[in-house]
1. Suppose we keep only residues that are part of a helix (DSSP H, G or I) and modelled with pLDDT under 95 within the stretch 20-44. Which one would you say is nearest to M1 (Cα to Cα)?
2. Would you check if there is a residue in the stretch 35-50 being near the ligand (Cβ under 9 Å from one of its atoms) and on the phi < 0 side of the Ramachandran plot?
3. Does I20 qualify as being of a type in the set (A, V, I, L, M, F, W, C), surrounded by fewer than 16 Cβ atoms within 10 Å (Cβ to Cβ) and within 10 Å of the ligand (Cβ to nearest atom)?
4. Output the residues belonging to the stretch 1-17 that are assigned to a loop (DSSP other than H, G, I, E, B), out of contact with any Pro (no Cβ under 8 Å at 6 or more places or on another chain) and surrounded by fewer than 17 Cβ atoms within 10 Å (Cβ to Cβ).
5. Select from the stretch 40-56 the residues that are surrounded by 12 or more Cβ atoms within 10 Å (Cβ to Cβ) and not charged (D, E, K, R) and write down the one among them that is nearest to D9 (Cα to Cα).
Amino acid sequence: MKKASVNKDLCIGCGACQEIAKGIFEIDDDGLAKVVCETVEKDKEEDVIDAAEGCPTSAIVVKEDN
Ligand code: SF4
């Protein structure tokens with residue numbers, strides 16, 4: 001399984017990740033993305049990788065969760 005995280009120092013709050021990987025990322029009260037479901041289920045992995053690749057500031061980190 002994979003684990004997603006957002007580096008808020010890099011995030012600009014564009015909202016793309018929230019659209020690409022619904023239910024994993026969400027725009028927080030501070031206007032920046034947060035991870036709502038840290039451990040990514042298999043069926044969402046592709047969306048999370050797409051979101052990470054599509055993030056304009058490379059703020060999303062996806063790691064193997066062993
Ligand atoms: Fe932030 Fe990147 Fe998500 Fe945009 S796509 S809200 S910059 S983490």
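The values are calculated or read from the model by the stated rules, or taken from the named source; none is laboratory data. Bear in mind that the values here come from a model prediction, so they are computed numbers and not experimental data. Note: ideal-geometry Cβ built from the backbone for every residue, glycine included; neighbour counts use all protein chains shown.
1. Only one residue fits best here, namely K42.
2. no
3. In short, no.
4. M1, N7, K8, D9, L10, G13, G15
5. C55
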